[in-house]
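For reference, the structure is listed below as structure tokens.
Quick note: the coordinates plus some simple rules give every number you see, no bench work behind them. It should be emphasised that the depicted structure is a prediction, and the values quoted were computed from it without experimental measurement. Don't worry about glycine lacking a Cβ; one is built from the backbone with ideal geometry, like all the others, and counts go over all protein chains shown.
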Amino acid sequence: MTTLYVVLAILLSVICVASAAADVTRQPRVVETLQRLGFDHLLPFLATVKTLAAVGLLVGLALRPLGAVTAAALAIYFMLAAVLHVRAGDKVGESAPPAVLSLTSALCLLAAVGS
């Protein structure tokens with residue numbers, strides 16, 4: 001198990017849990033953003049997806065294939081989020097974070113399959 005994979009899996013897990021918590025508590029900024037994008041009705045589902053992703057990454061520390069699949073799914077999830085922000089005409093401050101998280105997830109995937 002590479003140190004890079006462990007660090008990225010834990011980092012992404014923390015980010016997913018924090019984001020899921022913001023969804024569950026219906027933080028105003030999150031709700032406003034999802035309303036603007038037209039996805040506010042999916043808030044509970046998105047919180048569940050992020051929570052399961054965190055669990056998948058952490059369990060993936062012991063079961064590498066699960067961590068790799070979870071990292072791949074997160075890369076796709078965050079890239080779709082970035083694309084939605086760009087299509088909605090959002091500024092870089094809204095679309096860059098999910099793009100960076102997509103690349104981080106892809107790197108986590110590479111670290112998972114490369115060791």
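A simple charge model with +1 on the Cβ of Lys and Arg, -1 on the Cβ of Asp and Glu and nothing else charged puts the dipole of the chain at about 60 debye relative to its Cα centre. Panel values: the range 1-109, Kirkwood radius from alpha carbon pairs, Stokes-Einstein at 37 °C and 0.692 mPa s, translational diffusion coefficient 234 µm²/s. For a label point 7 Å from the Cα of Val6 along Cα→C-beta, name the residues of the range 90-111 whose backbone N is under 13 Å from it. No residue passes the distance filter. Among Thr70, Thr51, Thr25, the largest mean-square fluctuation in a Gaussian network model of the chain (Cα springs under 10 Å) belongs to Thr25. Enumerate the helices in the chain for which the Kyte-Doolittle hydropathy averages -0.5 or more and the C-alpha atoms extend at least 20 Å along the helix's axis, using complete DSSP H runs. Once both thresholds are applied, what remains is 3-24, 43-59, 64-87, 92-114. In this rough spin-label picture, where each label sits 7 Å from Cα along the Cβ direction, the Ala72-Arg87 distance is 2.3 nm.
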